[in-house]
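Working notes for the structure below.
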Amino acid sequence: MKEEHSHVRVPGRGLHWIVGGAIVGGAHVAVALVFHNMNPYETRIFPECIWHQLTGWECPLCGATRALASLLAGDLVRSVTMNPLVIASYVGVAILVGQTAVESVGYRRVQWPLWTAVAVMGSAAFYTGVLRNLL
C-alpha cells in the first residue's frame with residue numbers, strides 16, 4: 001500500500017518568505033516615511049491621473065495614493081472611501097502570504113475557493129471603475 005503525504009517540506013522555503021516579508025515590510029516603512037513627510041492630501045508632488053484628466057472619470061486606481069496614506073495613518077474609514085480596491089488588495093495579499101507562511105512551517109494550507117477572491121476583487125474594481133463615476 002502506497003503511503004500518501006499531504007505535505008512535503010522543502011528545505012529553505014521558509015527563509016524565502018522571511019526575506020520576502022522583510023523586503024515588503026521595508027518598502028512599507030519607506031512609503032510610510034514618504035507619506036509622513038509629504039502628505040498626498042496637502043502636497044501636489046504626486047502625479048495626477050491621466051485618465052481622469054482626459055475623461056473626467058476616475059480610473060480604478062484613482063485615490064489609491066490617498067487611500068494608502070490614510071491606511072498607514074490608521075484611518076481605515078477614510079481609506080475605504082478613497083479607494084476600496086486598496087483595502088481589498090491588502091486583504092487578499094495578506095491571506096495569500098499568511099497561507100503560504102503557514103504552509104512553509106509545515107501546516108496544511110486552508111484552500112479558499114477561487115471565486116471568493118474573484119468576487120471580492122471584482123466587486124471592488126467594478127465599484128472603483130464604474131459605480132463611483134455614476135453615483
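No lab work stands behind these numbers, since they all come straight from the coordinates. Remember, predicted model here, so these are calculated numbers, not experimental data. Glycine also receives a Cβ, built like all others from the backbone with ideal geometry; neighbour counts cover every protein chain displayed.
I'd like the FRET efficiency for A73 and V93, computed as 1/(1 + (r/R0)^6) with the beta carbon distance as r and R0 of 25 Å, rounded to 0.05. Don't skip to the end; give the middle numbers.
Details: r = 20 Å, r/R0 = 0.79.
Using R0 = 25 Å, I get an efficiency of 0.80.
Select from the range 57-135 those trypsin sites (Lys or Arg not before Pro) which occupy a DSSP coil region and have at most 12 other Cβ atoms within 10 Å, ordered by residue number. Show your work: numbers first, answer last.
Details: sites: R66, R78, R108, R109, R132; in loops: R108, R109.
Sites meeting the loop and neighbour criteria: R108.
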> Nearest 10 degrees, 0 to 90: what angle lies between the long axis of helix 114-126 and the longest principal axis of the chain (Cα atoms)?
Replying inline: 10 degrees
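Can you pull out the chymotrypsin sites (Phe, Trp or Tyr not before Pro) in the range 50-135 whose DSSP state is coil and whose Cβ has at most 13 other Cβ atoms within 10 Å?
In loop regions of the range 50-135 (DSSP not H, G, I, E or B), the sparsely surrounded chymotrypsin sites (Phe, Trp or Tyr not before Pro) are Y107.
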> Computed from these coordinates, which is Cα extents along the principal axes in Å: (i) 67, 34, 25; (ii) 42, 30, 27; (iii) 47, 31, 23?
Replying inline: (i)
>> For the chain, take the longest principal axis of its alpha carbons; what is the angle in degrees between that and the long axis of helix 84-104, to the nearest 10 within 0 to 90?
In response: 20 degrees
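Do the sum for the chain: with -39,500 (n - 2.57) for every DSSP H run of n ≥ 4, divided by all residues, what is the mean residue ellipticity at 222 nm, to the nearest 500 deg cm²/dmol?
So the calculated ellipticity at 222 nm is -19000 deg cm²/dmol.
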>> If you fit an axis through the alpha-carbon atoms of helix 13-37 and take the longest principal axis of the Cα set of the chain, what angle between them do you get, 0 to 90°, nearest 10?
In response: 20 degrees
>> If I build a Gaussian network model for the chain, linking alpha-carbon pairs within less than 10 angstrom, which residue out of L76, L54, L68 has the largest mean-square fluctuation?
In response: L54
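Starting from 0.36 nm per residue, how many nanometres of slack lie between V102 and L131 once their C-alpha separation is accounted for?
Values: separation 29, 0.36 × 29 = 10.44 nm, distance 3.69 nm.
Additional length available on full extension: 6.7 nm.
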